[in-house]
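A.B. asks: Here you go, one structure.
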Amino acid sequence: MTLPKDINQMQPDDASKELARLAKEIALHDRAYYQNDAPKISDAAYDYLRQRNHEIEQLFPDLVRVDSPSNKLGAKPGGKFGKVTHSVRMLSLSNVFTDAEVGEFVKRVAKFLGVEESQKLQFTAEPKIDGLSAGIRYENGKLVQAATRGDGQSGEDVTKNVMTIIDVPKTLSGTGWPDVLEVRGEVYLPISQFEQMNLLRAAENQPEYKNPRNAAAGSLRQLDPAISAKRPLRFFAYAWGEVSAPFASSQSAAITKLKDWGFSTNELTKVCETAEQMITVYNDIEKQRSTLDYDIDGVVYKVNSLALQQRLGFVSRSPRWATAHKFPPEQASTLLQDIEIQVGRTGALTPVAKLKPITVGGVVVSNASLHNEDELKRKDVRKGDMVLIQRAGDVIPQVVKVLDADRQGRGAAFVFPTICPCPLKTKIVRELDEKGEAGAISRCSGGAACPYQRVESLKYFVSRTGFDIEGLGAKQIEAFFEQGIITEPSHIFQLQSRIDSEELARTEGWGETSVANLFAAIAEVKEVSLDRFLTALGIRHIGQSNAGVLAHHFGSWAEFLEIITSPKAGEELLSIDGIGTAAANSVISYFNEQHSRAVVTRLAQQVTILDMQKPKSDSNISGLSVVFTGKLEKMSRDEAKVRASALGAKVSGSVSKKTDILVAGPGAGSKLKKANELGVKVLSEDGWLEMIENT
Ligand code: IVH
């Protein structure tokens, strides 16, 4: 298996694979957490996965998956309660982990708004409560409904149980509340109550809850509100959803109002004006963490002005105006027993630390990634070292550093092999990057002839990103590959004739039903869209996103194949927006290489590759090519671009015949001149704003 690499050294196909893996893994943990109240990993580890997913998406925006975890919050409701559709989506928060990232967050906000950092922006800083978020709806001051977050779009109706929470007013106090007010906040179980509850459960021989949040989830999702009432849940209000009228102009003023109307709000909340002040509040709150009777896992910063919050808007499913500064992830130290080299699908070699098993954040860890040769050298990790491990999720913990590098009798430095551990024993190569320097990734030079790469490619082919064949996972592929039954993708679709199905049914781990299900699953994916087909081939640099771009460009397999194997392939590929040289070269050499070409041809004979649909446009500026130039006065360039893209326009950096609109502010120069020469429509910032307001 290819272990994920340092994000900055990822190639697009690594990133695509990693995003697919993260989507799958996060979905699994979401189900464990939201539906079964039984998380398999710690919060820090979970956050790390989401953060890693987010960072990769930032670096490879075109690879963002349709099922990206950033677009989803948690799993679908479990089905025990009625479903409530949130009239305003319940969002998630982006994360920062270091002081420097807090500074970057503040800078990003200022830049987006087009304000000088010296023009002080205000932020609130408040504890991030580790409970379950809920939305509580009031109509004319009366509580009418309460719902869990669920997947952000819809949650579970927990009205009866929320009614039992002492900090939740059934009728709002004071005056001035809007007719419709959905108060949002966190339901939690005080730690003292949690401890008591577990004592009781132990006495009754019931399994204990792992942490207060799971206990709170179990209590809130109790079908019998009488039982829920006996478990003293609490609630902190910190946000709102649908409101029939605005009720404050700042976050802090809104929270004061919520308090006046009868809610508990967090006393540790502070208003700050600089990143330094925010970090000071973070440190203060962290110091108090162990004395609080509720679990917190970080500090949330929010832009104080609601007008600015409105302008900042959202990126995927998180507000641009807020972020969570998380407390550090869990670490542990253990003995590094060995270093192994694993070969991935594209031949990339990943050094893996084999560890003396250790529990980190409740999970036993025995392997950790060392990323690549340079990283290994930089950390100078050696056999026999005590190493600090950081849990990076369920399967990919990382080695942070060596703890006893100065001990007596330390072994020799690890020598990265020059010969691949694969059966071909090929020479290991480090390709040159654009600057002519050795790239970070060492590769097996066996290509399609290397059985390790082939089996990894097959695993990718059947994976969720690829053909998504249920019942045919990594384990089965390995077994079929070893027996020579499936050694290339076309064999999968000929499986019935390549195998004795009765014998397979008698094999351990199989049975008549699973064999029948497998054949059915294979038959089901025989019709495949062009983009999925191209993705599944696992061509370097052609992940889901690039495959999508190619598929949309060519429309059909026949068209694609004709061009790609013709002399004008290079020119055509490079003319496609989003396809760079690396991707273009990679596809061309893949289809010009005899072996891979033959493999694809045989595969294409077994499946039906469906043509792509033309994309639909939904706003009257969607599809228009827009260029911004000169100084914008009402917003930053970034803000303008985000708004234009959100409305479906294509934002470009240069004026050409294809440009539909040039938005020109003061100081516009050559772009304006060129637009005038080409007869491109030119709008002022106000003209543009008017145009987008009417769409
Ligand atoms: S604000 C638009 N404030 O963290 C985002 N969230 O990862 C509104 N949370 O779903 C959320 N304490 O469950 C906010 N003081 C706080 C919070 C908080 C805990 C949770 C909440 C949210 C999750 C986001």
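A.B. asks: If you take the Cα Rg of the stretch 311-406 and divide it by 2.2 N^0.38 Å, with N the number of residues, what do you get?
C.D. replies: Working: Rg = 16.6 Å, N = 96, 2.2 N^0.38 = 12.5 Å.
Compared with the compact-globule rule of thumb, the stretch 311-406 sits at 1.33.
A.B. asks: Another question, if that's okay. At 7 Å along the Cα-to-beta-carbon direction for both residue 404 and residue 478, put a label point, then send me their distance in nm to one decimal.
C.D. replies: About 3.2 nm separates the two model spin labels.
A.B. asks: Moving to a separate point now. Beyond 27 Å between alpha-carbons counts as too far, so tell me which of 120/270; 111/270; 435/673; 170/230 fall in that bin.
C.D. replies: 435/673
A.B. asks: Estimate the FRET efficiency between residue 524 and residue 445 by the formula 1/(1 + (r/R0)^6), using the beta-carbon distance for r and 35 Å for R0, to the nearest 0.05.
C.D. replies: 0.40
A.B. asks: Using 19 Å as the cut-off for backbone N distance, which residues of the stretch 105-149 belong to the label zone defined by a point 7 Å from the Cα of residue 260 along Cα→Cβ?
C.D. replies: From the stretch 105-149, the list is 138-142.
A.B. asks: Next question, about the same structure. Amide H neighbours of residue 314 under 5 Å, counting only residues 5+ apart in sequence or on other chains, H built in-plane at 1.01 Å?
C.D. replies: 320
A.B. asks: Compute the distance in nm between two label points, each set 7 Å from the Cα along the Cα-to-Cβ direction, one at residue 589 and one at residue 502.
C.D. replies: 4.9 nm
A.B. asks: For the chain, which whole percent of the accessible surface, found with a 1.4 angstrom probe, sits on carbon and sulfur atoms?
C.D. replies: 50 percent
A.B. asks: Specify the inter-centroid distance of the stretch 286-361 and the stretch 172-199, based on alpha-carbon positions, in whole Å.
C.D. replies: Going from one Cα centre to the other spans 27 Å.
A.B. asks: Here's something else I'd like to know. How about residue 631: which aspartates and glutamates have a C-alpha closer than 16 Å to its C-alpha, ignoring those fewer than 8 places off in the same chain?
C.D. replies: 116, 639, 685, 686
A.B. asks: In addition: With r as the distance between the Cβ atoms of residue 605 and residue 179 and R0 = 56 Å, compute the FRET efficiency 1/(1 + (r/R0)^6) and round to 0.05.
C.D. replies: So the FRET efficiency works out to roughly 0.30.
A.B. asks: Roughly speaking, what is the centre-to-centre gap between the stretch 671-685 and the stretch 230-259 when only Cα atoms are used, to the nearest Å?
C.D. replies: Cα centres, the stretch 671-685 to the stretch 230-259: 48 Å.
A.B. asks: Could you list, in their original order, any pairs among 210/475; 354/401; 302/401; 107/634; 40/356 whose Cα atoms are separated by more than 24 Å? Numbers along the way, then the final one.
C.D. replies: On the way: 210/475 31 Å; 354/401 14 Å; 302/401 34 Å; 107/634 18 Å; 40/356 21 Å.
From 210/475; 354/401; 302/401; 107/634; 40/356, over 24 Å: 210/475; 302/401.
A.B. asks: Shifting gears a bit: What accessible area per residue, rounded to a whole number of Å², is obtained for the chain using a probe radius of 1.4 Å?
C.D. replies: For the chain, the per-residue accessible area is 47 Å².
A.B. asks: Normalised by the number of residues in the stretch 428-571, what is the relative contact order in percent for Cα pairs under 8 Å and 6+ residues apart?
C.D. replies: This gives 19 percent for the stretch 428-571.
A.B. asks: What relative contact order, as a whole-number percentage, does the chain give when Cα pairs under 8 Å and 6 or more residues apart are counted?
C.D. replies: Computed value for the chain: 12 percent relative contact order.
A.B. asks: Now for a different question. Assign one of three labels to the stretch 383-494, namely rounded, prolate or oblate, based on the Cα gyration tensor with a ≥ b ≥ c the square roots of its eigenvalues; rounded applies when a/c is under 1.5, prolate when it is not and a/b is larger than b/c, and oblate otherwise.
C.D. replies: It is prolate, given that a/c is not under 1.5 and a/b is the larger ratio.
A.B. asks: At R0 = 25 Å, how high is the FRET efficiency between residue 377 and residue 99 if r is their beta carbon distance? Nearest 0.05 is fine.
C.D. replies: 0.35
A.B. asks: So how far apart, in nm, are the two label points at residue 429 and residue 686 if each is 7 Å from Cα heading toward Cβ?
C.D. replies: In this crude spin-label approximation the distance works out to 6.1 nm.
A.B. asks: Still on this model: Residue 403's amide H: which non-local residues (gap 5+, or another chain) put their own amide H closer than 5 Å, with H modeled 1.01 Å from N in plane and none for Pro or chain starts?
C.D. replies: Counting only residues 5 or more places away or on other chains, the set is 386, 387, 388.
A.B. asks: Right, here's the next one. What is the ratio of the Cα radius of gyration of the chain to 2.2 N^0.38 Å, with N the residue count, to two decimals?
C.D. replies: Normalised by 2.2 N^0.38 Å, the Cα Rg of the chain equals 1.06.
The values are calculated or read from the model by the stated rules, or taken from the named source; none is laboratory data. The structure displayed is predicted, hence computed values, not measured ones. Ideal geometry is used to build each Cβ from the backbone, glycine not excepted, and the neighbour counts take in all protein chains shown. Surface areas here come from the heavy atoms of the whole protein model, side chains and all, with no ligands, DNA or RNA. Shrake-Rupley method; radii C 1.70, N 1.55, O 1.52, S 1.80 Å.
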